[in-house]
Amino acid sequence: MITCRELVGFIAEYLDDALPATKHREFEAHLRACDRCVVYLDSYRRTIALGKAAFADLDAPVPPEVPDELVKAILDARRFRA
């Protein structure tokens, strides 16, 4: 069976149905035995869905450009902290 760490590394391939059959079976066997990874996978799926939903309304108004002065102030503040 795969470990939790390996499961995390295989999630994208699992969701894309791109895992080899053996790894796919090991992935699902791990999910049957590990509630924490089931929760993690669910959270991963919801994160992907939220990310897609954020760009679903392509007709939404485009936010105004960030003023150059603001960018400069942020960069200056970062240099000051470093």
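The values are calculated or read from the model by the stated rules, or taken from the named source; none is laboratory data. Just so we're clear, the structure is a prediction, and the values are computed from it rather than from any experiment. Glycine gets a Cβ as well: all are built from the backbone with ideal geometry, and neighbour counts include every protein chain shown.
Quick grid of which residues meet (1) under 19 Å from Cys4 (Cβ atoms); (2) in contact with a Cys (Cβ under 6 Å, 6 or more places away or on another chain); (3) touching a residue at least 24 places away in the same chain (Cβ under 8 Å):
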residue	(1), (2), (3)
Ala21	no, no, no
His24	yes, no, no
Ala29	yes, no, yes
Cys37	yes, yes, yes
Thr47	yes, no, no
Phe55	no, no, no
Asp59	no, no, no
Pro64	no, no, no
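If we keep just the residues of the range 58-82 that are of a type in the set (A, V, I, L, M) and in a helix (DSSP H, G or I), which is modelled with the lowest pLDDT? Across the range 58-82, the extreme among qualifying residues is Val71.
When you check Ile11 against the structure, is it part of a loop (DSSP other than H, G, I, E, B) and among the hydrophobic types (A, V, I, L, M, F, W, C), yes or no?
It is false that Ile11 is part of a loop (DSSP other than H, G, I, E, B) and among the hydrophobic types (A, V, I, L, M, F, W, C).
Kindly check whether there is at least one residue in the range 54-63 that is loosely packed, with under 10 Cβ neighbours inside 10 Å and among the charged types (D, E, K, R). Within the range 54-63 (the criterion being loosely packed, with under 10 Cβ neighbours inside 10 Å and among the charged types (D, E, K, R)), the answer is yes, since at least one residue qualifies. Find the residue count for the range 18-57, including only residues that are assigned to a loop (DSSP other than H, G, I, E, B) and at pLDDT 95 or above. Within the range 18-57, residues that are assigned to a loop (DSSP other than H, G, I, E, B) and at pLDDT 95 or above number 4.
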